[in-house]
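The structure appears right after this line, and notes come after that.
The values are calculated or read from the model by the stated rules, or taken from the named source; none is laboratory data. Note that the structure is a prediction, hence the values are computed from the model and not measured. In this analysis, Cβ positions are derived from the backbone assuming ideal geometry, glycine residues included, and neighbour counts consider all displayed protein chains.
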(Lines give C-alpha, C1' and ligand atoms only; values in the text may rest on other atoms or scores of the structure.)
Protein backbone atom coordinates (compact mmCIF):
# COMPACT_ATOMS: atom_id res chain seq x y z
CA UNK A 1 0.00 0.00 0.00
CA UNK A 2 1.51 3.39 -0.98
CA UNK A 3 2.54 5.53 1.96
CA UNK A 4 0.48 8.63 2.72
CA UNK A 5 2.92 11.57 2.52
CA UNK A 6 3.77 13.44 5.70
CA UNK A 7 3.96 16.66 3.66
CA UNK A 8 2.74 17.50 0.14
CA UNK A 9 6.32 18.43 -0.79
CA UNK A 10 7.35 14.80 -0.29
CA UNK A 11 5.58 13.76 -3.50
CA UNK A 12 6.29 16.77 -5.73
CA UNK A 13 9.17 15.21 -7.64
CA UNK A 14 7.56 11.84 -8.31
CA UNK A 15 4.17 13.40 -9.13
CA UNK A 16 5.69 15.78 -11.68
CA UNK A 17 7.85 13.00 -13.14
CA UNK A 18 4.79 10.82 -13.73
CA UNK A 19 2.99 13.58 -15.60
CA UNK A 20 6.09 14.58 -17.55
CA UNK A 21 6.52 11.00 -18.74
CA UNK A 22 2.88 10.94 -19.79
CA UNK A 23 2.49 14.37 -21.41
CA UNK A 24 6.04 15.46 -22.18
CA UNK A 25 6.30 19.06 -23.36
CA UNK A 26 2.50 19.38 -23.23
CA UNK A 27 2.78 19.61 -19.43
CA UNK A 28 3.07 23.34 -18.80
CA UNK A 29 2.34 23.87 -15.13
CA UNK A 30 1.67 21.96 -11.90
CA UNK A 31 0.26 23.98 -9.01
CA UNK A 32 -0.50 22.87 -5.45
CA UNK A 33 -3.56 24.48 -3.88
CA UNK A 34 -5.92 23.85 -0.97
CA UNK A 35 -4.90 22.82 2.55
CA UNK A 36 -1.41 21.81 1.43
CA UNK A 37 -0.70 25.30 0.10
CA UNK A 38 -2.28 26.97 3.14
CA UNK A 39 -0.05 25.06 5.57
CA UNK A 40 -3.09 23.22 6.97
CA UNK A 41 -2.37 19.75 5.57
CA UNK A 42 -3.07 16.89 7.99
CA UNK A 43 -1.62 13.48 6.95
CA UNK A 44 -4.21 10.72 6.42
CA UNK A 45 -7.02 13.27 6.67
CA UNK A 46 -6.36 16.02 4.14
CA UNK A 47 -6.39 15.52 0.40
CA UNK A 48 -3.59 16.93 -1.74
CA UNK A 49 -4.90 19.13 -4.54
CA UNK A 50 -3.19 19.98 -7.82
CA UNK A 51 -4.06 22.17 -10.77
CA UNK A 52 -2.42 20.90 -13.95
CA UNK A 53 -2.14 23.12 -17.01
CA UNK A 54 -1.70 21.34 -20.32
CA UNK A 55 -1.15 22.55 -23.85
CA UNK A 56 -4.14 22.08 -26.16
CA UNK A 57 -2.60 18.94 -27.64
CA UNK A 58 -2.16 17.44 -24.19
CA UNK A 59 -5.78 18.14 -23.30
CA UNK A 60 -6.88 16.20 -26.39
CA UNK A 61 -4.99 13.23 -24.94
CA UNK A 62 -6.43 13.57 -21.44
CA UNK A 63 -7.35 9.88 -21.25
CA UNK A 64 -3.63 9.19 -20.78
CA UNK A 65 -3.99 10.60 -17.27
CA UNK A 66 -6.55 8.00 -16.15
CA UNK A 67 -3.99 5.49 -14.75
CA UNK A 68 -2.11 8.29 -12.97
CA UNK A 69 -5.24 9.67 -11.33
CA UNK A 70 -6.13 6.22 -10.01
CA UNK A 71 -2.57 5.54 -8.85
CA UNK A 72 -2.23 8.82 -6.95
CA UNK A 73 -5.60 8.47 -5.26
CA UNK A 74 -3.89 5.84 -3.09
CA UNK A 75 -1.74 8.60 -1.61
CA UNK A 76 -4.72 10.92 -1.04
CA UNK A 77 -4.08 13.04 -4.12
CA UNK A 78 -7.50 14.14 -5.34
CA UNK A 79 -8.28 14.14 -9.05
CA UNK A 80 -6.44 17.21 -10.39
CA UNK A 81 -8.14 20.09 -12.13
CA UNK A 82 -6.95 20.10 -15.74
CA UNK A 83 -7.00 23.38 -17.69
CA UNK A 84 -5.30 24.94 -20.70
CA UNK A 85 -4.02 28.53 -20.75
CA UNK A 86 -6.96 29.47 -22.97
CA UNK A 87 -9.52 27.85 -20.68
CA UNK A 88 -8.12 29.73 -17.68
CA UNK A 89 -8.70 33.03 -19.45
CA UNK A 90 -12.20 32.06 -20.58
CA UNK A 91 -13.15 30.83 -17.09
CA UNK A 92 -12.69 34.21 -15.43
CA UNK A 93 -16.23 35.23 -16.34
CA UNK A 94 -17.89 31.83 -15.74
CA UNK A 95 -16.38 30.36 -12.56
CA UNK A 96 -14.13 33.06 -11.09
CA UNK A 97 -14.73 31.90 -7.49
CA UNK A 98 -12.86 28.65 -8.06
CA UNK A 99 -9.84 30.39 -9.59
CA UNK A 100 -9.90 33.12 -6.94
CA UNK A 101 -9.74 30.52 -4.17
CA UNK A 102 -6.86 28.72 -5.83
CA UNK A 103 -5.01 32.01 -6.19
CA UNK A 104 -5.56 32.79 -2.49
CA UNK A 105 -3.00 30.11 -1.56
CA UNK A 106 -0.96 28.16 -4.09
CA UNK A 107 2.53 26.86 -4.76
CA UNK A 108 4.04 26.48 -8.21
CA UNK A 109 5.47 22.97 -8.29
CA UNK A 110 6.49 22.91 -11.95
CA UNK A 111 6.61 25.38 -14.82
CA UNK A 112 5.72 29.04 -15.10
CA UNK A 113 3.21 30.76 -12.85
CA UNK A 114 0.05 30.92 -14.96
CA UNK A 115 -1.99 32.41 -12.10
CA UNK A 116 0.22 35.34 -11.16
CA UNK A 117 -1.34 37.88 -13.51
CA UNK A 118 -4.97 36.81 -13.28
CA UNK A 119 -7.42 39.64 -12.65
CA UNK A 120 -11.03 39.26 -11.55
CA UNK A 121 -14.01 41.34 -12.65
CA UNK A 122 -16.19 42.02 -9.61
CA UNK A 123 -19.36 41.92 -11.69
CA UNK A 124 -18.83 38.28 -12.66
CA UNK A 125 -17.67 37.41 -9.17
CA UNK A 126 -20.78 38.87 -7.59
CA UNK A 127 -23.09 37.12 -10.04
CA UNK A 128 -21.54 33.76 -9.25
CA UNK A 129 -21.65 34.48 -5.51
CA UNK A 130 -25.38 35.25 -5.63
CA UNK A 131 -26.11 32.17 -7.73
CA UNK A 132 -23.99 29.87 -5.57
CA UNK A 133 -25.31 31.07 -2.21
CA UNK A 134 -28.94 30.71 -3.28
CA UNK A 135 -28.36 27.29 -4.80
CA UNK A 136 -26.30 25.97 -1.90
CA UNK A 137 -28.86 27.25 0.60
CA UNK A 138 -31.61 25.28 -1.14
CA UNK A 139 -29.45 22.14 -1.14
CA UNK A 140 -28.40 22.63 2.48
CA UNK A 141 -32.03 22.73 3.61
CA UNK A 142 -32.89 19.72 1.47
CA UNK A 143 -30.00 17.61 2.76
CA UNK A 144 -30.77 18.63 6.34
CA UNK A 145 -34.32 17.32 5.99
CA UNK A 146 -32.97 14.13 4.42
CA UNK A 147 -30.94 13.40 7.56
CA UNK A 148 -34.22 12.54 9.25
CA UNK A 149 -32.98 14.35 12.35
CA UNK A 150 -30.11 11.90 12.78
CA UNK A 151 -27.37 13.83 14.56
CA UNK A 152 -24.52 11.76 13.06
CA UNK A 153 -25.74 12.53 9.53
CA UNK A 154 -26.30 16.17 10.43
CA UNK A 155 -22.78 16.54 11.80
CA UNK A 156 -21.42 14.93 8.62
CA UNK A 157 -23.47 17.40 6.56
CA UNK A 158 -21.93 20.32 8.44
CA UNK A 159 -18.42 19.02 7.76
CA UNK A 160 -19.11 18.28 4.09
CA UNK A 161 -20.87 21.56 3.25
CA UNK A 162 -18.64 24.06 5.03
CA UNK A 163 -15.78 24.25 2.45
CA UNK A 164 -18.22 25.47 -0.21
CA UNK A 165 -19.17 28.45 1.92
CA UNK A 166 -15.57 29.21 2.78
CA UNK A 167 -14.92 29.53 -0.95
CA UNK A 168 -17.75 32.04 -1.10
CA UNK A 169 -16.33 33.90 1.90
CA UNK A 170 -13.09 34.39 -0.02
CA UNK A 171 -14.99 35.89 -2.93
CA UNK A 172 -17.04 38.16 -0.69
CA UNK A 173 -14.06 39.70 1.07
CA UNK A 174 -12.46 40.24 -2.34
CA UNK A 175 -15.62 42.10 -3.38
CA UNK A 176 -15.20 44.20 -0.23
CA UNK A 177 -11.61 45.07 -1.25
CA UNK A 178 -10.06 43.08 1.59
CA UNK A 179 -7.71 41.11 -0.64
CA UNK A 180 -7.18 37.37 -0.33
CA UNK A 181 -6.89 35.57 3.00
CA UNK A 182 -5.58 32.01 3.01
CA UNK A 183 -5.83 31.17 6.72
CA UNK A 184 -9.31 29.92 7.57
CA UNK A 185 -9.72 31.47 11.02
CA UNK A 186 -8.63 34.89 9.77
CA UNK A 187 -11.04 34.49 6.86
CA UNK A 188 -13.96 33.87 9.24
CA UNK A 189 -13.03 36.89 11.35
CA UNK A 190 -12.86 39.16 8.31
CA UNK A 191 -16.04 37.99 6.63
CA UNK A 192 -17.97 38.24 9.90
CA UNK A 193 -16.81 41.81 10.35
CA UNK A 194 -17.73 42.75 6.78
CA UNK A 195 -21.09 40.97 6.53
CA UNK A 196 -22.45 40.74 10.07
CA UNK A 197 -22.35 36.94 10.10
CA UNK A 198 -21.98 35.17 13.43
CA UNK A 199 -18.22 34.78 13.87
CA UNK A 200 -18.43 32.44 16.85
CA UNK A 201 -20.80 30.10 15.02
CA UNK A 202 -18.55 29.70 12.00
CA UNK A 203 -15.45 29.27 14.15
CA UNK A 204 -17.28 26.48 15.96
CA UNK A 205 -18.34 24.90 12.66
CA UNK A 206 -14.73 25.03 11.51
CA UNK A 207 -13.46 23.18 14.59
CA UNK A 208 -16.11 20.50 13.95
CA UNK A 209 -15.04 20.26 10.32
CA UNK A 210 -11.41 19.83 11.41
CA UNK A 211 -12.37 17.10 13.88
CA UNK A 212 -11.14 19.12 16.85
CA UNK A 213 -14.53 19.34 18.51
CA UNK A 214 -17.36 16.89 19.13
CA UNK A 215 -20.79 18.17 20.02
CA UNK A 216 -23.29 16.54 22.33
CA UNK A 217 -25.97 14.94 20.18
CA UNK A 218 -28.62 17.30 21.55
CA UNK A 219 -26.72 20.34 20.25
CA UNK A 220 -26.18 19.26 16.64
CA UNK A 221 -29.67 19.98 15.26
CA UNK A 222 -29.93 23.47 16.86
CA UNK A 223 -26.46 24.26 15.51
CA UNK A 224 -27.51 23.21 12.02
CA UNK A 225 -30.58 25.44 12.20
CA UNK A 226 -28.37 28.40 13.18
CA UNK A 227 -26.01 27.54 10.30
CA UNK A 228 -28.86 27.61 7.77
CA UNK A 229 -30.08 30.90 9.23
CA UNK A 230 -26.66 32.47 8.77
CA UNK A 231 -26.47 31.36 5.13
CA UNK A 232 -29.86 32.99 4.55
CA UNK A 233 -28.40 36.14 6.11
CA UNK A 234 -25.46 35.88 3.70
CA UNK A 235 -27.85 35.65 0.75
CA UNK A 236 -29.63 38.78 1.95
CA UNK A 237 -26.29 40.57 2.31
CA UNK A 238 -25.36 39.80 -1.30
CA UNK A 239 -28.74 41.04 -2.54
CA UNK A 240 -28.01 44.43 -0.99
CA UNK A 241 -24.28 44.63 -1.75
CA UNK A 242 -23.25 47.66 -3.78
CA UNK A 243 -20.01 47.55 -5.72
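Values as computed for the structure displayed
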{"read-out": "Residue list for the stretch 167-189, restricted to those being surrounded by fewer than 19 Cβ atoms within 10 Å (Cβ to Cβ) and without any contact (Cβ under 8 Å) to a residue 40 or more places away in the chain", "value": "176, 177, 178, 179, 185, 186, 189"}
{"read-out": "Odd one out for residue 162, checked against (1) buried (at least 17 other Cβ atoms within 10 Å of the Cβ); (2) free of Cβ contacts under 8 Å to residues at least 60 places away in the same chain; (3) not in a helix (DSSP H, G or I)", "value": "(3)"}
{"read-out": "Single residue of 33, 41 found to be surrounded by 20 or more Cβ atoms within 10 Å (Cβ to Cβ), farther than 19 Å from residue 60 by Cα, free of Cβ contacts under 8 Å to residues at least 40 places away in the same chain and in the same structural domain as residue 58 (by TED's automatic domain parsing)", "value": "41"}
{"read-out": "Residues satisfying the stated conditions in the stretch 199-209, i.e. in contact (Cβ under 8 Å) with a residue 24 or more places away in the chain and surrounded by fewer than 17 Cβ atoms within 10 Å (Cβ to Cβ)", "value": "201"}
{"read-out": "Qualifying residue in the stretch 165-187 (condition: farther than 21 Å from residue 97 by Cα, assigned to a loop (DSSP other than H, G, I, E, B), out of contact with any strand residue (DSSP E or B) (no Cβ under 7 Å at 6 or more places or on another chain) and not assigned by TED's automatic domain parsing to the domain that holds residue 97)", "value": "no"}
{"read-out": "Considering residues of the stretch 222-234 that are in contact (Cβ under 8 Å) with a residue 60 or more places away in the chain and crowded, with 17+ Cβ neighbours inside 10 Å only, the residue farthest from the chain's Cα centre (by Cα)", "value": "223"}
{"read-out": "The stretch 138-151, subset touching a residue at least 40 places away in the same chain (Cβ under 8 Å) and surrounded by fewer than 17 Cβ atoms within 10 Å (Cβ to Cβ), residue nearest to residue 230 (Cα to Cα)", "value": "141"}
{"read-out": "Of all residues making up the stretch 70-86, the number that are assigned to a helix (DSSP H, G or I) and either surrounded by fewer than 14 Cβ atoms within 10 Å (Cβ to Cβ) or touching a strand residue (DSSP E or B) at 6+ places or on another chain (Cβ under 8 Å) (or both)", "value": "5"}
